[in-house]
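Report on the structure given below.
The values are calculated or read from the model by the stated rules, or taken from the named source; none is laboratory data. As the structure is a computational prediction, the values presented were derived from the model and not from experiment. Cβ: placed from backbone, ideal geometry, glycine included. Neighbour counts: every protein chain shown. Protein only, heavy atoms only, side chains kept; ligands, DNA and RNA dropped before computing areas. Shrake-Rupley method; radii C 1.70, N 1.55, O 1.52, S 1.80 Å.
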Amino acid sequence: MNAESKPLSQRIHQQLLELNGQAGNRKSLVVEGGQGYVVFSSTQQDRWHVQVAGGRQLPDGFKISPEDYQRLADWGVRQKRGSGNFRGDLSQVLLDQTLGRWAEQAVTALTGIYGAQMNAIEVRTRCEEVEVLDNKGLLDAMEHLARKRDWAARTGVYMKLVKARLVLALAEPVSGSISSSWPLHKASEMAARPVPAIFTSVDFLDEFEPRGLESRVVSGMDLFPILVAKKVPSVLINPGSKPRGELYSNELWTIVEGIKRLSGTH
């Protein structure tokens, strides 16, 4: 580690230690610059995970050299699949020293692998308590639909979605009750129109975008009429994870008609 990078790595180390001592089940520190990023995340005290940008998270045309692949492997992070990030769990033994070493390696990765300028590296932290959702029934129904592909299986997913509490990805923070004015995160597009995304847990949200997205937990009963009102072409469910799916506009209308029948407003 050179003298220029030492103050930054020390600041990262200190921020990680402070985050570790804070309450919250969604804690992260993002170090980003050049063509990549390093994300430290934790859902409970003293248990930290690290991700280094790879696969689909890299800009088009950017390649990691074989030598840098080996360097990342030597640091203890590996890809489970070619499209994914490099990942690793940080040892709880001597955690202070482990976080300090990784603070240095994060800066080294950004400047040495991803071409970041030291003065352009950004550090962001997040610490919040998020609702833990129990959507096992919905996930089971989605897996059943993937196997059966019949109308009964499809309507079973619709019903579970209506009754579920879901994580809606947002473009920026919001307050108050859900409304059609909420800015939805653009997860994809269809015919040049933005496609939003919902998730069955915050873990799936962070799997999709490890650097963290703004979000709100909302009920399916409240969510789907808003999606229809905003005339979205489709909505993705758990993109980047399994089980995942996509609901098209005609399916959203079907779900909303079902909500009207359930509420007696049809």
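Worth pointing out:
- Unmet criterion (only one of (1) modelled with pLDDT under 95; (2) buried (at least 18 other Cβ atoms within 10 Å of the Cβ)) for residue 232: (1)
- Test: residue in region 131-138 that is touching a residue at least 40 places away in the same chain (Cβ under 8 Å) and surrounded by fewer than 14 Cβ atoms within 10 Å (Cβ to Cβ): yes
- Flag: residue 68 does not match the condition of being touching a helix residue (DSSP H, G or I) at 6+ places or on another chain (Cβ under 9 Å), open to solvent by 50 Å² or more (accessible area, probe 1.4 Å) and either in a helix (DSSP H, G or I) or over 30 Å from residue 173 (Cα atoms) (or both).
- Qualifying residue in region 237-259 (condition: farther than 26 Å from residue 203 by Cβ, open to solvent by 20 Å² or more (accessible area, probe 1.4 Å) and among the acidic types (Asp, Glu)): yes
- Residue 60 being over 29 Å from residue 130 (Cα atoms) and charged (D, E, K, R): yes
- Among the residues making up region 145-179, those that are within 21 Å of residue 204 (Cα to Cα), part of a helix (DSSP H, G or I) and open to solvent by less than 70 Å² (accessible area, probe 1.4 Å) are 145, 146, 157, 158, 161, 162.
- The set of residues in region 21-39 that are farther than 23 Å from residue 57 by Cα and open to solvent by less than 20 Å² (accessible area, probe 1.4 Å) contains only 24.
- Residue ranges of strands (runs of 3 or more DSSP E) in region 191-231 with at least 3 members hydrophobic (A, V, I, L, M, F, W, C): 197-199
- Residue in region 60-74 that is over 19 Å from residue 107 (Cα atoms) and in contact with a strand residue (DSSP E or B) (Cβ under 9 Å, 6 or more places away or on another chain) present: no
- Hits in region 85-100 (condition: buried (at least 17 other Cβ atoms within 10 Å of the Cβ) and of a type outside the set (Phe, Trp, Tyr)): 85, 87, 88, 90, 95, 98, 99, 100
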